[in-house]
Amino acid sequence: MSSLPPGYRFYPTEEELIGFYLRNKLEHRGEDKMEQVVPVAHVHRFDPWQLPTMSGEPCRRDEEQWFFFCPRQEREAHGGRPTRITASGYWKATGSPTHVYSSMNRVMGVKRTMVFYLGRAPNGTKTHWKMNEYRALEESATSTIHSSAAPKSRSEFTLCRIHTKSASSRSFDRRPSEPVAAANTDAQKPVSAKRSLSHDSTSSDGNGSQRALRRRGEDDARLDNDNSELLQDWF
């Protein structure tokens, strides 16, 4: 996994999280390889900001989301409610659990959303840390969207997605601040005018325009060759 080039991230769909990762974990298939991506952790014992460094290798460079298999707590195995209290606060469920559907409109799991609060209930302070807890259903209990049968969930492991709203935008969506953007715009205006004048002066007989197009094509071809060499180095 360390051989992956920069820019690669782990962004599975909910169907993939439940249908592949959680299902295989519950059936003890390929656990060693999967735990390199989604490790096992008792997420409710840790403050959320401690979890990113414990995440799988593909998620460590991420600034927004991390995934973990969470074992069932002992008190939950005996019919009790799980403990979601950490050293600094607690996880509080929001809303009601919702079903997760496959691309074939079959109920395949249940999702519960939680928010982390600092302090102690009921006077905690809400934070920007959130958790989606996924539970898989017994395969015999999966049903279509129109079925009225109550599905049964498996609770040996849940798959938890810890996420937060990053303070910075993703690199491909970053915009300069307004002063910087304005300065860049002003700096580009004379250049654009100069290019326009140059184009007008060299295109009177059409030869200048043709030479510019040939030169641009040569530059593009050289850039394509450079990119091909970089990709060969990675793969």
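The values are calculated or read from the model by the stated rules, or taken from the named source; none is laboratory data. These numbers come from a predicted model, not from an experiment. Note that we place each Cβ from the backbone using ideal geometry, even for glycine, and neighbour counts take in every protein chain shown. What goes into the accessible areas is simple: the full protein's heavy atoms, side chains included, and nothing from ligands, DNA or RNA. Shrake-Rupley method; radii C 1.70, N 1.55, O 1.52, S 1.80 Å.
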- Item | Some residue of region 65-77 being part of a loop (DSSP other than H, G, I, E, B) and either open to solvent by 70 Å² or more (accessible area, probe 1.4 Å) or not aromatic (Phe, Trp, Tyr) (or both) | yes
- Note on the structure: Subset of region 15-34, residues open to solvent by less than 60 Å² (accessible area, probe 1.4 Å) and not in a loop (DSSP other than H, G, I, E, B), comes to Leu17, Ile18, Gly19, Tyr21, Leu22, Arg23, Asn24, Lys25, Leu26, Glu31, Met34
- Subset of region 115-152 that is open to solvent by 30 Å² or more (accessible area, probe 1.4 Å) and of a type in the set (Asp, Glu) - its residue that is modelled with the highest pLDDT: Glu138
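Yes or no, residue by residue, for (1) over 25 Å from Lys152 (Cα atoms); (2) modelled with pLDDT of 95 or more:
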site	(1), (2)
Pro48	yes, yes
Asp62	yes, no
Phe67	no, yes
Arg84	no, no
Ser102	no, no
- Note on the structure: Residues of region 82-114 being open to solvent by less than 70 Å² (accessible area, probe 1.4 Å), hydroxyl-bearing (Ser, Thr, Tyr) and assigned to a loop (DSSP other than H, G, I, E, B), in sequence order, are Thr83, Thr86, Ser88, Ser102
- Task: Among the residues of region 49-67, write down those that are within 18 Å of Thr127 (Cβ to Cβ) and in contact with a helix residue (DSSP H, G or I) (Cβ under 8 Å, 6 or more places away or on another chain).
- Result: Leu51, Pro52, Gln65, Trp66
